[in-house]
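So the structure is just underneath, and the comments pick up after that.
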Amino acid sequence: MYYLKNFFTFSILGHFLETFFYKGKDPGILTGYWTPIYGIGICIIIFLNRCIIKKVHDKKKIFLYNFLIGFIILSLMELLGGFIIEILFHKTFWSYENHLLPIFKYTSVEMSLVWAVASITFIYIVKPLTDKIIPKINNDIIIVLIIIFITDILSTTFIKM
């Protein structure tokens, strides 16, 4: 349940973050107030951070690995997400073609650095705070969110495709 709670918390927060910073822009393909790529990204960061901590005991190396995870893994997710949305829904929600160092059109070296810094910020600042709140989320709320989320995915898939 820990990962599901994080998934929904950060999918919803990610949606509002996108909506706040990119007013007038559609924050995603789903109808609900969530952008799942954020929740998936956070869960991957948490999981890989736990794996690193078990194997590596040097704090500087742990920091470096977390930075690289944010840079590489989150950038790959953004790149794949852009391609998948374009293929399935024939839409381009974002493009970094105008960045100095684009990687195809769905990410860039600049954005990769943003994801790396965001990953570090999450692990060392946000996660210690949310780890106090996440366990308090009622499991029944998560079950309801799962049902609504699956319904949203199914309706989006059949309506928008």
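What FRET efficiency would be calculated for the residue pair R50, D140, taking the C-beta separation as r and a Förster radius of 30 Å, to the nearest 0.05?
Working from the Cβ atoms, E equals 0.70.
Compare the peptides 151-158, 57-64 by average per-residue count of other Cβ atoms within 10 angstrom and give them in order, highest first.
151-158, 57-64
Give me the three principal axis extents of segment 2-160 from the C-alpha atoms, as integers in angstrom, largest value leading.
Taking the Cα atoms of segment 2-160, the three principal extents are 49, 46, 25 Å.
Residues with amide H under 5 Å of S108's amide H, sequence separation 5 or more or different chain, H placed in the peptide plane at 1.01 Å from N; which?
It is I103, by chain and number.
Would you mind calculating the relative contact order of segment 1-158 from Cα pairs under 8 angstrom and at least 6 residues apart, reporting the percent as a whole number?
Relative contact order of segment 1-158: 25 percent.
In cubic angstrom, how much convex hull volume per residue do the alpha carbon atoms of segment 69-150 span?
111
Just order 7-17, 89-99, 112-122, 43-53 by mean Cβ neighbour count inside 10 Å, highest at the front, would you?
Sorting 7-17, 89-99, 112-122, 43-53 by mean packing, highest first, produces 7-17, 112-122, 43-53, 89-99.
Once you sort the root eigenvalues of the Cα gyration tensor of segment 41-108 as a ≥ b ≥ c, which label holds: rounded (a/c under 1.5), prolate (a/b larger than b/c) or oblate (the other case)?
It comes out oblate by the Cα gyration axes.
Quick note: the coordinates plus some simple rules give every number you see, no bench work behind them. These numbers come from a predicted model, not from an experiment. Counting neighbours? That spans all protein chains shown, and the Cβs are built from the backbone with ideal geometry, glycine included.
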